[in-house]
Structures are given as structure tokens and as C-alpha cells.
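Take a look at the structure below.
The values are calculated or read from the model by the stated rules, or taken from the named source; none is laboratory data. Everything numeric here is computed off the predicted structure, so don't read it as measured data. Note that we place each Cβ from the backbone using ideal geometry, even for glycine, and neighbour counts take in every protein chain shown.
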Amino acid sequence: MTDELSGAIDAVKAYLISFIKFVSPNDAGSTGGHQAGLYIPKNSFSLIFEFPGVKGINKERFANIIWFDGTISICCFKYYGYGTRNEYRITRLGKEFLEGQLVVIVKKSENHYLGFILKDDFTADSFLEAFNLTRDDANTLVDLTSIETFKEMESLANSSVEKQLHPLDDEEDSIIHAGIPTFEDLMEPTFLIIKALGGVASVADIQENIANTLKLSNEDLSEIHKGTTTKLSYRLAWARNYLKRFGLLENLKKGFWKVTPRGFAIDAINKHELQKAIRNKKNYNDSLEFDDDFVEVDKVDEEPLIDIGEMVSPFDPKDIKIIVEPKTIDHLVARLRNKEIDMNTEFQRKGNLWSKDVQSRLIESILLRLPLPPFYFDADDDDKWLVVDGLQRLWTIKNFIVNTEIAEDDEIRIPLVLTGLEILTDYSDKNVTYDKLNRTMKRRILETPVTAYLIQPGTPKNVKYNVFRRINSGGLALNAMEIRNALNQGTPSDFLLDLSEDRDLRTILKLQDKRMDDRELLLRAYAFINESYLNYTKPLSGFLDTAMESLATKGEAELVQLANGMIDAIFFQVELFGKHIFSRSILGEGSRVKLNSALFEVWVSEIYKLSPAEKDSLYINRNHLISDYKLLLNNEDFNRAVATSTSGRAAVKTRFESIQDLIKSHSL
């Protein structure tokens with residue numbers, strides 16, 4: 001019996017829902033048909049959806065299939081209900097099937113599946129024989145209840161799964177006890193559970209199985225560490241971090257952890273040896289027991305990134321390519337209806353922010369024929385205009401007009417009901433929506449003239465930055481990160497978003513997500529990882545613009561390395577300084593813990609570059625490091641470089657060279 005055959009049989013026995021199918025010519029693509037993916041019969045919809053599809057509506061969701069060869073496919077489960085179609089398919093499988101092969105897909109959980117490909121007739125028939133099935137029984141869900149030996153198999157399977165997911169029950173030194181264990185005690189069950197789940201698991205699955213394994217109560221699970229972060233998720237983050245340091249786990253992608261080859265080579269880990277390895281470090285940092293007053297960053301401590309003086313970067317006026325086009329609201333509605341205006345809230349962090357009263361008064365102004373401010377769009381892609389200015393007004397128009405129409409997809413639409421009007425009170429608070437207006441009023445709205453300024457294709461990016469800033473600021477200080485994010489959609493914006501929302505990182509570093517403060521902070525650290533401080537030039541906003549653009553040139557493996565390295569550097573800061581990470585509060589004297597962006601960028605970028613041996617040496621000398629760091633923070637020149645004029649070349653040089661000298665003197 002082959003390993004894959006044995007694995008497929010064991011998996012089907014262990015879980016409730018399994019699907020088997022002989023690959024058809026259409027599945028294999030040999031018919032030349034246009035359909036994509038693996039066809040799933042209607043009687044097997046429960047493999048991929050909780051409820052059957054509704055004719056006339058398409059729907060889809062994503063899940064992971066871990067194949068027996070170790071590859072992972074992020075698949076799309078689809079139901080096609082439009083037009084004449086009424087079928088289910090699994091697409092993006094990332095596998096090439098040959099006609100006649102037997103595919104076995106086993107549902108472990110809502111978002112995690114196991115996949116097997118039995119490639120020859122003998123292996124396929126052996127699988128069917130194990131369940132007393134024939135080839136006529138394939139292409140459907142496996143119904144274990146029809147098998148005479150089902151009860152025996154169920155007992156064996158439950159025993160096997162229980163043993164896998166609760167591997168500590170038979171150990172004399174089981175860590176099951178009241179309350180949340182320390183991160184040290186969580187390392188062993190975390191490691192064993194990820195192995196039991198096939199070697200790859202999401203953070204959510206790890207936490208769920210840890211809770212079941214350790215028989216944690218509802219009170220334990222709801223115990224808060226700080227803010228909205230639970231104590232369990234907080235300590236699990238540290239457990240995973242240390243398992244990674246010992247070479248047993250690695251980050252697969254955002255929110256997923258994988259057992260390394262070294263981890264697979266051992267059946268279990270000795271928690272006492274791990275504890276010894278940690279505690280044998282000189283000056284063991286007991287703050288990793290995570291007292292409830294552990295740091296929570298609630299404000300980014302930094303000067304405004306841009307002032308009016310920074311908007312005079314030279315460019316040729318001939319490069320300004322902006323045209324003015326007279327439009328009507330009907331034109332905008334047509335584009336909104338067809339999703340030809342990008343309402344992506346990533347630009348201003350949040351769209352659709354206005355209250356119903358404010359939105360209603362904008363509609364009232366239109367009905368009163370009051371002129372509207374102009375709209376600004378980046379029209380580089382004529383099929384998808386990017387909003388530069390006017391996002392909230394566009395959301396109001398969409399809510400009032402487009403949202404009264406029936407959606408052709410799964411979009412949930414809630415129409416705006418007029419309320420709080422000041423002049424047209426007959427329409428206020430009377431459950432009036434756009435579809436209830438008479439034709440005259442509708443025409444008045446749709447024919448309202450508006451002015452659209454369109455930034456044309458071919459406009460250089462540095463010119464766009466300047467135009468965006470002027471339009472949004474009116475000469476005042478502004479948030480450059482939102483503009484930077486808008487002009488660097490795709491890999492750069494996705495990387496910073498994923499990094500800022502990393503669940504492990506957020507357990508120790510609660511950054512503001514309001515108006516992208518969190519992403520800008522991470523970008524500052526990356527900027528000095530990507531480019532030496534010696535090459536820094538003012539203004540800081542331009543340096544960060546260039547850094548963000550450089551993310552578009554990075555490959556996937558390089559981005560994963562960057563993210564992991566930055567997260568590791570931040571975790572290491574906690575080991576060094578406890579709750580005083582990136583803060584002058586380490587000086588004491590009643591100082592409030594407040595994150596300093598200049599300290600963040602220099603510490604993260606410099607720790608990122610250290611070798612494991614240098615980090616160990618730095619940790620061993622932690623007490624002396626802290627003493628000298630306090631002296632440095634009291635130094636007048638260094639204090640000025642991190643607290644006042646932080647964006648000048650001299651300030652950048654001072655803080656980087658000072659921290660480099662500090663690190664070198666304690667990592668030899």
C-alpha cells in the first residue's frame with residue numbers, strides 16, 4: 001500500500017465529509033471546453049458550501065487544500081447561477097489532473113482541506129475496496145453510514161483524531177490546569193497540534209485546538225491581556241515566535257505557520273529543554289510572563305511628515321496633464337453602477353464615513369440646485385478612475401441612487417433614507433428613498449452639472465504626488481501615507497496592509513490604523529532596511545515615496561523574508577526592553593509609554609540586520625545595554641535627533657550611528 005493511498009484512507013476515516021471523483025475529460029481539459037476547475041455534482045455541494053446555491057446568483061469563497069505531496073493550493077469554491085448555468089466547481093487547484101485519476105478531497109474544517117491524487121487503477125481500486133465501494137459509487141460524497149464496518153471505523157478514527165489533537169492527555173506532566181499557561185508551557189502543545197493538523201495551520205485553528213486540548217474554560221478564553229487582545233492569543237504569539245527561533249516552525253504566509261523539516265524530523269519536543277534554553281540566557285527577562293500592564297501603543301509619536309515647504313519639489317510644468325470635463329451626476333452614477341470608479345477605501349483609509357444626516361443634506365443641496373465642489377480623479381485607467389478628491393460625496397450618490405437598484409452580484413446594498421433635512425422638510429424622516437421620488441425630482445438630480453478634473457495617463461508619478469497633496473491639503477499639513485498608498489496599489493500597498501494586520505504583531509504592538517499611521521510607521525522601518533541611512537535625503541516624505549515604490553520590485557520570497565524579519569526585530573525589542581519598546585518611557589520618572597517613530601525606524605532596521613549570534617550576545621548583555629541606552633536618551637544631541645527635528649540628514653545620521661555604536665559595544 002502506497003503512502004498516499006494509506007493517507008487518503010486514514011483521512012476519509014477521520015473526518016465527516018469527503019468527496020471522491022474520477023477525473024473526467026472536461027476536468028482534465030482534454031475536451032477544449034471553457035469550464036475551469038473540478039466539477040462538483042449538485043448532490044455534493046456540502047463539501048464546499050453550507051447551503052446550496054440560489055439560481056440567478058453567483059457565489060464563491062476561498063479555502064486551502066493541502067495535498068499529500070506537501071503543496072498548498074488556495075482554491076476558489078464557486079457556484080455559477082447566472083443565466084443557464086447551475087453548477088459547482090473548485091478552481092485554482094494548482095494541479096494538473098489526468099483523465100481517469102481518482103481525486104480524494106477531505107474537509108477538515110471550514111477553510112482547510114486535504115487532497116490526494118490516486119494515479120493508477122490499482123491504487124484507486126484499493127481505495128474503493130477499503131470502503132466497500134465500486135467505481136459506480138464514485139463522483140460523490142463518501143457515505144460512511146452505508147458501510148457495515150462504519151461503527152468500528154468511527155471508533156478507530158475518533159480515537160486517532162483525539163490522540164492527534166489532544167497529544168498531551170497521556171503524559172504524566174500534562175500542562176492542563178486552570179488558567180492560561182505561560183508561553184513556555186504553550187510551546188509543546190502548539191508544536192504538536194500543528195503537526196497533527198498536517199504540518200500547516202492557521203493562527204485561528206491553532207488557538208481553537210489549544211483551547212480544546214487544554215480544556216480551557218470560557219472564562220479562560222475571554223480573559224483579556226490588553227485592549228481587545230486575549231491573554232491566550234498573546235502568549236501563543238510568543239510560543240510560536242520561540243518555536244521559530246528553535247527552527248521548528250516557520251511563517252508560511254500571513255496568518256499561517258508551518259512545521260520545518262527539522263520539526264518533522266522529531267516526534268516530540270522536550271519542553272523542559274526548551275525552558276532551560278530560554279532561561280539559561282543571562283538575565284532572563286521575566287516580563288515575558290506578560291503582565292497585564294504590558295505595552296500597548298496607542299499613539300504614534302512623530303512630527304507632521306509634510307508641510308507646505310515640502311511641496312515645492314521641482315518638476316516641469318509641461319508634465320502636468322489635467323483636463324477639465326463637464327459632467328452630470330448621471331455620468332457619475334453610470335460609472336458607479338458599472339464599478340468604473342474605484343471606491344477602494346484604502347486611499348483615505350475609510351470611505352462612506354458621513355452620517356446619514358450629512359449625506360441627506362448633500363442630496364438636499366442637489367435638489368435645491370446648489371453648485372457642488374469639483375471632483376478630482378486619476379484617470380490613468382479609463383475603466384477604473386481613482387478618486388483623488390470627492391470620495392465621501394461619491395459614496396453619498398451611490399448610497400442614495402445606486403443602492404436602490406437590485407445588485408447583480410452578492411453586494412449588500414442599503415439605500416440612503418433622507419433624514420435631518422433643513423429646508424425640504426416634506427422629504428425628511430418620511431422613509432423617502434430615491435426610487436420613491438417622482439420623475440421630476442429624479443431628473444433634477446441626474447441632470448445636475450458637476451466638474452471633473454481628470455489627471456491624464458502618462459503624468460509622471462512625482463507630479464501626481466505633488467498634485468494629490470495640493471488638492472487634498474489646500475496648503476495645510478496633510479497625511480502623505482494615504483496619497484502614497486493610492487499611487488502604489490498592488491504589491492506595495494498589499495505588503496504594508498498585510499504586515500500591519502499580522503495577528504502576532506498586533507498582540508504586542510497596537511498601532512493606530514486611523515489614516516494609515518500603522519502602515520507609515522512600518523514603511524519608515526522598511527525604508528532604512530532598503531536603503532542605507534547614508535543615502536537618506538530630505539524630505540522624509542520623498543524618501544518614503546521612493547521606498548514604497550521599491551516594494552513593487554520585490555519578489556514574493558523576498559517580501560516574506562522582509563515581513564518575517566521585521567516582525568522578529570519587533571519581538572526581539574520586547575525581549576530587550578519589555579513594555580518600553582521604542583519609547584523614552586524607559587527613563588522612568590513618570591514617563592508615559594508612547595511610541596516614538598524615530599526610535600522605531602532605527603531599532604527595527606538595525607536589529608533586522610543582526611545575525612542570530614549577535615542577537616544572543618545583545619540579549620546576554622541586556623542589563624548593560626539598557627543602562628547605556630538610558631544615558632544615550634539623556635544625551636542632548638541624540639534626544640534632539642529622535643524628539644524634535646527628526647527628518648533632517650544630521651538627525652538621521654546621529655540616531656543611526658548612535659544606535660549602531662550601542663549595539664556593537666554590547667554584541668561583541
- request: Could you please find all residues in segment 557-604 being part of a helix (DSSP H, G or I), over 16 Å from TYR629 (Cβ atoms) and touching a strand residue (DSSP E or B) at 6+ places or on another chain (Cβ under 9 Å)?
  value: VAL560, ALA563, ASN564, ILE567, SER597
query: Within segment 617-640, restricting attention to residues that are of a type in the set (S, T, N, Q) and in contact with a helix residue (DSSP H, G or I) (Cβ under 9 Å, 6 or more places away or on another chain), which residue is surrounded by the most Cβ atoms within 10 Å (Cβ to Cβ)?
result: ASN621
message: I'm checking my understanding of the structure. Among residues of segment 66-87 that are out of contact with any helix residue (DSSP H, G or I) (no Cβ under 9 Å at 6 or more places or on another chain) and touching a residue at least 40 places away in the same chain (Cβ under 8 Å), which one is farthest from LEU5 (Cα to Cα)?
response: LYS78
statement: Selection from segment 641-653 of residues over 17 Å from ILE581 (Cα atoms) and either surrounded by 19 or more Cβ atoms within 10 Å (Cβ to Cβ) or not β-branched (Val, Ile, Thr) (or both) yields ALA641, SER645, THR646, SER647, GLY648, ARG649, ALA650, ALA651, VAL652, LYS653
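Residue-by-condition table, conditions (1) modelled with pLDDT under 85; (2) closer than 25 Å to LEU421 by Cα:
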position	(1), (2)
PHE347	yes, no
LEU367	no, yes
TRP385	no, no
GLN392	no, yes
- request: Specify the residue that is surrounded by the most Cβ atoms within 10 Å (Cβ to Cβ); the eligible residues are those in segment 41-56 that are within 26 Å of PHE22 (Cβ to Cβ) and within 30 Å of the chain's Cα centre (by Cα).
  value: ILE48
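From the set of residues in segment 98-111 that are farther than 21 Å from PRO25 by Cβ and at pLDDT below 90, which is surrounded by the most Cβ atoms within 10 Å (Cβ to Cβ)?
Here the residue is LYS108.
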- prompt: What do you reckon, is LEU114 buried (at least 17 other Cβ atoms within 10 Å of the Cβ), under 27 Å from the mean Cα position of the chain (by Cα) and not in a strand (DSSP E or B)?
  reply: no
field: Given (1) in a strand (DSSP E or B); (2) more than 24 Å from the chain's Cα centre (by Cα); (3) touching a residue at least 40 places away in the same chain (Cβ under 8 Å), index of the condition ILE90 fails
entry: (2)
